[in-house]
Amino acid sequence: MKKPIIFSLFREQSVFMTAVMGIMTFLAVMALGISIAIGTGVTRWNKQWNLYATVQTTDSENASAIKKVLDTNQSKFAQVREVSTDEMAKLMRPWISGGKSVLEKYLPKMYEIKFKNESDIAAVRESVGTRGRFITHQDALRPSISAGWKMVAILSVVLGIIILTIGICISFIAKNTAILHKRELEILNQVGASDSFVARQMQIIVAKICMTACSLGFVAAVPIIIAIIAVAHSARVGIMATIGISGGGWFALICVPIAIFLFAIVITKRTTLKILNQD
């Protein structure tokens, strides 16, 4: 006996919807995963350096005054380290030629400080005053941190566009399917089937497709996210070395395909009922 075509999607349409939903789930998980990873990196980086500061001066008289300020505030520091001339010469050698004797004319007296409490930074900055250049590592790295947050914002916008596209695709496919079988649906209504029953059959079809597509999209995205984080960590430099995804982040990623799945079911029901209620 030939199976009825009521509530059956054409094979091509079923494959198309599975492919679209799978790709959209993949992109949504990737966008959210990378956004969380970068946001985590920026937060860790900011927290890592918020207690560090550098004091520099090229004036020998000011150098003595700055040393006195540091000695007076010793109780506020977890660590104070004078950056040696050899260290600075090594760092500057690629940009300035002429040897150590030439470099010493330009290199400042520099101290690297780690504070015990962030609240003490302002007082020490005021004590140093105009006798030297006081700059926190957090301020120095502010452009990098700002760039990181901008990337997170861009990825959030991309995620929103993806979710909107998913809604449009599901609505179009559900509407197209309902129109194709409108005659059969009307017959079901005439023999006593309620609109809710008819919509539920459409939801079952979409749910099966979405379950497959969302699972494939998520499984494909996770290894790539892990690989991106591993490559970033291998750099061992800057914010990239601190990016990562916590347990809560992975939970949020798992919720993405689930949310898309539920969203698809809701959109399908609303679209089907709208078609059925059209005159």
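The values are calculated or read from the model by the stated rules, or taken from the named source; none is laboratory data. A quick note: this is a predicted structure, and the numbers were derived from the prediction, not measured. So basically every Cβ, Gly included, is an ideal-geometry build from the backbone, and we count neighbours across all protein chains shown.
Below are the figures for this structure:
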read-out	value
Any pair with Cβ under 9 angstrom, 6 or more apart, that starts in the range 126-144 at a residue that is surrounded by fewer than 19 Cβ atoms within 10 Å (Cβ to Cβ) and ends at one that is hydroxyl-bearing (S, T, Y) and in a helix (DSSP H, G or I)	S127/T72
Selected residue [buried (at least 17 other Cβ atoms within 10 Å of the Cβ), within 36 Å of the chain's Cα centre (by Cα) and at pLDDT below 85] from V42, V29	V42
Cβ pairs under 9 Å, 6+ apart, first in the range 253-265 and buried (at least 19 other Cβ atoms within 10 Å of the Cβ), second not in a helix (DSSP H, G or I)	L253/I245
Condition broken by S196, with the remaining ones in (1) at pLDDT 80 or above; (2) surrounded by fewer than 15 Cβ atoms within 10 Å (Cβ to Cβ); (3) of a type outside the set (K, R); (4) farther than 25 Å from A31 by Cα satisfied	(1)
Complete set of residues in the range 266-279 that are outside any loop (DSSP other than H, G, I, E, B) and surrounded by fewer than 17 Cβ atoms within 10 Å (Cβ to Cβ)	V266, R270, L273, K274
